[in-house]
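Worksheet: one structure, shown below.
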Amino acid sequence: MPASPVTPVPPTPEEPPPAASAPPAPSTGWHVDVPLLGPVGWPPTGTLAFVVVLGGLVAVDILAWPVAVAIGAGHVLARDHDHRILREVGETLQEA
């Protein structure tokens, strides 16, 4: 049996790399891209429990809401110490 002719396939042009317009979102879990903040995701279970307990203490009037906000902000700052917005604020304060 004769061999069938083989036609060469021209190489396909490579696609350019995607534009780096925004930092990549973390690869795990559920995230939403929020303008000015970047990717925001569902908090880890421990953080979610912490926020629920703070909210519960405020709801039953054991803890004043400004104190709960300050504690929550401190918790976020301690957990997310390398966030882009915080870095920009720190650089701005250093320049002043």
Extension reserve of the residue 93-residue 63 stretch, reckoned as 0.36 nm per residue once the Cα distance is removed: 7.7 nm
Dipole of the stretch 39-95 [Lys/Arg +1, Asp/Glu -1 at C-beta], most positive-end residue of 78, 48, 67: 48
log10 of Debye I(q)/I(0), alpha-carbon scatterers only, for the stretch 39-95 at 0.21, 0.23, 0.31 Å⁻¹: -0.86, -0.94, -1.21
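The numbers here are math on the coordinates, done by the rules we state, and not lab data. These figures come from a predicted structure and were not determined experimentally. Here the Cβ is made from the backbone with ideal geometry for all residues, glycine too, and neighbour counts use every protein chain on show.
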